[in-house]
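Notes to accompany the following structure.
The values are calculated or read from the model by the stated rules, or taken from the named source; none is laboratory data. Computed from a prediction, not measured in an experiment: that's the story for all the values here. Heads up, the Cβs are rebuilt from the backbone with ideal geometry, glycines too, and the neighbour counts pull from every protein chain shown. Keep in mind that these areas ignore ligands, DNA and RNA; they rest on the heavy atoms of the full protein, side chains included. Shrake-Rupley method; radii C 1.70, N 1.55, O 1.52, S 1.80 Å.
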There are 2 protein chains.
Amino acid sequence: MLNSVTDALRAELTSKLPEAAFRELTDAYLHEPRGRYHGGDGFLVAPDCTRDVALVVRACAAAGVGIIPYGGGTGLVGGQVLESGPVPVILSLERMTKIRDVFPNENVLVAEAGTILASVQDAAEAVNRVFPLSLASEGSARIGGNLSTNAGGVNVLRYGNARDLCVGLEAVLPDGAILNGLSRLKKNNTGYDLRHLMIGAEGTLGIITAASLKLFPKPAGEGAALMVVPDPQAALDLLTLAGDLLGHQVSAFELINHMGLDFLGEVGPDVRVPFEQAPEWMVLIDVGCVAGVEPSQALERLFEAGAERGLVSDGVIAQSGAQREAFWTIRESIPEANRRIGSVSSHDTSVPVGRIPEFIDRAGKALARVDDFRINCFGHVGDGNLHYNVFPQKGKSRADHDHQRAEVKRIVHDLAVEMGGSFSAEHGIGRLKVDDLNRYGDPTKLAAMRAIKAALDPKGIMNPGAVVTG
Amino acid sequence: MLNSVTDALRAELTSKLPEAAFRELTDAYLHEPRGRYHGGDGFLVAPDCTRDVALVVRACAAAGVGIIPYGGGTGLVGGQVLESGPVPVILSLERMTKIRDVFPNENVLVAEAGTILASVQDAAEAVNRVFPLSLASEGSARIGGNLSTNAGGVNVLRYGNARDLCVGLEAVLPDGAILNGLSRLKKNNTGYDLRHLMIGAEGTLGIITAASLKLFPKPAGEGAALMVVPDPQAALDLLTLAGDLLGHQVSAFELINHMGLDFLGEVGPDVRVPFEQAPEWMVLIDVGCVAGVEPSQALERLFEAGAERGLVSDGVIAQSGAQREAFWTIRESIPEANRRIGSVSSHDTSVPVGRIPEFIDRAGKALARVDDFRINCFGHVGDGNLHYNVFPQKGKSRADHDHQRAEVKRIVHDLAVEMGGSFSAEHGIGRLKVDDLNRYGDPTKLAAMRAIKAALDPKGIMNPGAVVTG
């Protein structure tokens, strides 16, 4: 059992850390984007160096006080918010924002955990490189949180998840010891890979304080197209065709359903779709090409080959960077439209890529037996990762379906897992999906997770209540 | 303390497993390629399914008997051989060689752990895909061992290490429980990543029994070139230039020193180098290009741009697949020539890519103070991974330097680690480098490794004596 922050602990930290490390616990630290959780009390500390993070952790370990690691606060599963229980220390990384080093010739950049994701991208851009992790909240998400949650985003198809973009890690473990793993080696087979254990652990095994990140040469040219496909199976076949024709030059392959476009028309944001009629299904294809391959010509060839096979019926290829941006604005406005409509239940599912059409079909039929919903199913089809979100019909509200929420969620998650998929593709477990993890997780995996948690954090101070319980 | 295999355990296993699982413990199982270790006694079992692997592990756990997991036996650090101590069960994966599934459109293949690496490559080829893990011993190494040791090889620059090529894992943990992680999902953020913990653990946390592996579209065209560079710094600058001009189409970038060519001339194998005079330094560049980019033209452009900058002085671009093969034969014959010469000490070092020239310079000078050696420094320069091998002068033998071996090794490893590098880039720890790990490893990492080992394998039955000790 953990203790609440005591006056003695406050006094100890106040005496040992500079004044700048202490700030008011405003409501911003206690909210999360979807408004499901509201944090209780906490003692907010924002150290500006790894040594001070370690000092805080050691003090909390000695006092048996829980620690909530806090990055950009953009997580969608409540991993950054503790609602009740013994009052914790909220440890914010917001003052650790240095880019410590950039090695353009090695394609490596070393950033502190509090660096805003967009700033990491900018630092890469400044040396003519790409840091490809990209997601809607990149203007406020911090890289330490991105790594702790193994963030996904729109470029996973080509560049992988956050874990694939990290070559080294510095972290403070639950006993306050500093893990010095900030190497920039591409090969280093010297014992267990603690980096990958920390990544995705959502702050339950320690606090990431800095990371060596992979950069990539910039593509010689970039382009995008919107292509209308008859159905999800055609989208998949087009994806395979794109792989055959363009190889790894395909950066993103996003599926968009007409429901998302309807929502945009209904509640905004106001965006323009370049087709006379909003198509039932379309894909946004983004490419980054090597020298000698002209992006719009490559997309043209893909369109022609797709049309020949009956996989695409219409399409627009961006003729400028601005038009490419406009295509992406459509895709990236959909989550905001979803929020304005208000979902009955949202699901961050993945299934094996080849089973996506079957999943969409079966989930739709199963939910129709519950009620008459509007379904906006969209997302990273190239990764098998669909945001499968269920909404009330026009004129109804999410509250009208409160009694069905649990059933809806269960149907979608049961189906995804039955089909070899996941109930949390990229958002993680946090506090929201702890029950799902305990329900759907492999028992051997759960037992091993608990054993590891107990071994590294015997007092259970790191992000208590998140991910691992019991 | 572990127990030796007892008659009761033999009887139990014999009664529960089919007769085909038992075979004679020939000398082949007790050797390793470099002849440093020779195994003691053992009870050899080769189950043909995961269930039977679990049965063996459970029986050993109950009896407190150690298990040596055995793949292809090609490891270079003695991880597959136990020399002395209580007699273990040697658990060979050689009968688990099924390709369970191939999903060409998802670019995923599911193979059992005993599948020979070359067979995995062939199964990918059969569906017009590439499984890019490639190394000298691919004709006998097994994929489970490749994953357990996080094998590297020649294509890491482009495709990553073995761990980067695995999307899911099935394994038997030290208590005999089966970890069902054989998903083929590209995104699945549901708790700690045990896959990456098992990969690189060298059989000390359990036994990998099957894996979901990543496939890639085949490049539209492939090519290779040998280019003569004035020095290692020029090789690095050429690598950066190649990245700028060709992007991710560069599959391999290997540095070759004249010493390797001298050795080939001296002791064979007999290979032809296409330059009148063996160059002091040359690089082997291999490319796999997208449609629209002709490999030999792309290499030509790289050569010209390199020559303009003074980075290359001569070069040959392969004009056929056979010539490309011939270039690779040079590179791949060097380890055999090394063996025939007989090294004083071999080192699998890595340093940050940008510091390679400094490392070569400083290591050479430091060793010259010990004795007059011949140094063959070659390897995966694109990964910062140099095989830095030290040989006697002609007319002397490795035995003449026996008294210097420890000092030589210490000098090379000290320098690599001091420069932010590794004393084991791709071969792992096994038994050979346990002392190095304890010497050079981050104390926080070592403590965490021991805690994890104790949590998952409290009796210490899994590959005792390898990787983690104390």
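Tally Lys and Arg at +1 and Asp and Glu at -1 over the other residues with C-beta under 12 Å from the C-beta of B:GLY306: what net charge comes out? Write down the numbers at each step before the final one.
Numbers: positive: B:ARG301, B:ARG309; negative: B:ASP237, B:ASP244, B:GLU300, B:GLU304, B:GLU308, B:ASP314.
Taking every Cβ under 12 Å from that of B:GLY306, the sum is -4.
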### Message
Give me, ordered by chain and number, the residues 5 or more places off B:ASP314 or on other chains with an amide H under 5 Å from its own placed amide H.
### Response
B:VAL228
### Message
Can you give me the distance in nm between label points at B:ASN105 and B:GLU418, each placed 7 Å from the Cα along the Cα-to-Cβ direction?
### Response
5.8 nm
### Query
Spin-label point model (7 Å from Cα, Cβ direction): what's the B:ARG272 to A:ASP314 distance in nm?
6.2 nm
### Query
Quick one: Karplus J couplings for region B:209-218, per residue in order, coefficients 6.51, -1.76, 1.60, θ = phi - 60°, nearest Hz, x for Gly and Pro?
10, 6, 8, 8, 10, 7, 10, 9, x, 6
### Query
How many partner chain Cβ atoms sit within 10 Å of a residue's Cβ in peptide B:193-205, on average, as a whole number?
5
### Distances in nm from B:PRO274 to the matching label points in the other copies, shortest first (labels 7 Å along Cα to Cβ)
4.5
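Using a 1.4 angstrom probe on heavy atoms only, work out the carbon and sulfur share of the accessible area of region A:1-86 in %. Intermediate results must be reported in sequence, preceding the final value.
Details: 1950 of 3820 Å².
Carbon-and-sulfur percentage of accessible area, whole number: 51.
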### Inter-copy separations for A:GLU222, label at 7 Å along Cα-Cβ, nm, ascending
3.2
### Query
Taking only DSSP H segments of four or more residues, each worth -39500 (n - 2.57), what value at 222 nm results for chain A once the sum is divided by all its residues, to the nearest 500 deg cm²/dmol?
-10000 deg cm²/dmol
### Message
Treating the point 7 Å from Cα along Cα-beta-carbon as the label, what are the nm separations from A:GLY364 to the other copies, to one decimal?
### Response
6.7
### Query
Quick one: helix A:50-63 against the long Cα principal axis of chain A, what's the angle to the nearest 10°, folded into 0 to 90?
60 degrees
### Query
Whole-Hz Karplus ³J(HN,Hα) for region B:357-363, in order, using 6.51 cos²θ - 1.76 cosθ + 1.60 and θ = phi - 60°, x for Gly and Pro?
x, 4, 4, 4, 5, 5, 5
### Summary
Residue-ordered couplings for region B:144-155, obtained by feeding phi - 60° into the Karplus form 6.51 cos²θ - 1.76 cosθ + 1.60 and rounding to whole Hz (Gly and Pro as x), are x, x, 4, 6, 4, 9, 6, 4, x, x, 8, 10
### Task
May I ask for the distance between the Cα centers of region B:23-99 and region A:138-189, given as a whole number of Å?
35 Å
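Calculate the mean, over all residues of peptide B:351-360, of how many other protein chain Cβ atoms lie within 10 angstrom of the residue's Cβ. Kindly include the intermediate steps, with their values, before the conclusion.
Details: counts 3, 9, 8, 6, 3, 0, 0, 0, 0, 0.
For this peptide, the per-residue mean of nearby foreign Cβ atoms is 3.
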### Task
Roll a 1.4 Å probe over the protein heavy atoms and report the accessible area of A:HIS248 in Å², nearest 10.
60 Å²
### Task
Mind grabbing the interface size between B and A? I mean buried accessible area, both sides, 1.4 Å probe, in Å² to the nearest hundred.
6100 Å²
## Note on the structure
Taking r as the C-beta separation of A:GLU12 and B:ASN438 and R0 as 30 Å, the FRET efficiency to the nearest 0.05 is 0.30
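Could you do me a favour and compute the accessible area per residue for chain A, 1.4 Å probe, result in Å²? Show your work: numbers first, answer last.
On the way: 16700 Å² over 470 residues.
Result: 36 Å² per residue.
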### Message
Averaged over its residues, how many other protein chain Cβ atoms are within 10 Å of peptide B:176-186's Cβ atoms?
### Response
6
### Task
Tell me the label-point distance for the pair B:HIS403, B:ASP262, using the 7 Å Cα-to-Cβ offset, in nm and rounded to one decimal.
2.5 nm
### R0 of 45 Å, Cβ-Cβ distance B:ASP231-B:ARG450: FRET efficiency to nearest 0.05
0.55
### Summary
The long-range amide H neighbours of B:VAL167, using H built 1.01 Å from N in the peptide plane and a cut-off of under 5 Å, are B:SER212, B:LEU213, B:LYS214
### Message
Let me check something: with ligands and nucleic acids excluded, how do A:ASP175, B:ASP348, A:ASP435 order by accessible area (1.4 Å probe), largest to smallest?
### Response
A:ASP435, A:ASP175, B:ASP348
### Other-chain or far-sequence residues with amide H under 5 Å of A:ASN3's (modelled H)
A:VAL65, A:GLY66
